[in-house]
1. Compute the relative contact order of the chain as a whole-number percentage, counting only Cα pairs closer than 8 Å that sit 6 or more residues apart in sequence.
2. Loop only per DSSP, at most 10 neighbouring Cβ atoms within 10 Å: give me the trypsin sites (Lys or Arg not before Pro) in region 50-93, ordered by residue number.
3. Could you pull out which residues in region 21-44 have an amide N less than 15 Å from a spot 7 Å beyond the Cα of K62, following the Cα-Cβ vector?
4. If you stretched the chain out fully between V51 and R9, how much longer would it get, using 0.36 nm times the residue separation minus the C-alpha to C-alpha distance?
5. In vacuo Debye scattering of the chain, one point per C-alpha: log10 I(q)/I(0) at q = 0.14, 0.19, 0.23, 0.24 Å⁻¹?
6. Accessible area of the chain with a 1.4 Å probe: how many percent of it is carbon plus sulfur?
7. Using the per-residue mean of other Cβ atoms lying within 10 Å as a proxy for protection, in what order, highest first, do the peptides 23-34, 65-76, 2-13 fall?
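The values are calculated or read from the model by the stated rules, or taken from the named source; none is laboratory data. Treat the numbers as computed from the prediction; the structure is a model and nothing was measured. Cβ sites come from the backbone with ideal geometry, for glycine too, and all protein chains shown count toward neighbours. For accessibility, only protein heavy atoms count, side chains too; no ligands or nucleic acids. Shrake-Rupley method; radii C 1.70, N 1.55, O 1.52, S 1.80 Å.
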Amino acid sequence: MERRLLPRRGTIWSWTTQGFLPKEPYAGDETPETFKPFGMGLIQLGDEIRVEARLTESDPTKLRIGGDVELVIIPLRTEASGRQVVTFAFTPI
């Protein structure tokens with residue numbers, strides 16, 4: 001194994017919308033009442049790899065296969081201690 005720096009930008013290879021609250025071990029703090037659908041994409045990073053990731057956009061009119069995206073950090077949940085937990089996602093550019 002070796003560390004490898006991956007590109008921050010990529011293209012949408014495929015995508016869908018997560019329309020229901022994910023099952024365990026999902027680590028977000030949404031409830032069935034507060035859940036909002038979000039996009040999920042298979043992102044091609046250069047010639048290196050495809051990664052499955054959350055998208056910052058869920059509107060199907062704003063997502064397209066082959067569309068350019070960029071890595072961003074977004075909030076995932078807030079722990080009881082007040083510490084904010086973040087995760088990565090890709091946003092259309």
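1. Dividing the mean separation by the residue count of the chain yields 30 percent.
2. Those satisfying the criteria are R83.
3. 36-41
4. That works out to 13.9 nm of additional length.
5. The Cα Debye sum returns log10 ratios of -0.56, -0.94, -1.18, -1.23.
6. Carbon with sulfur: 54 percent of the solvent-accessible area.
7. 65-76, 2-13, 23-34
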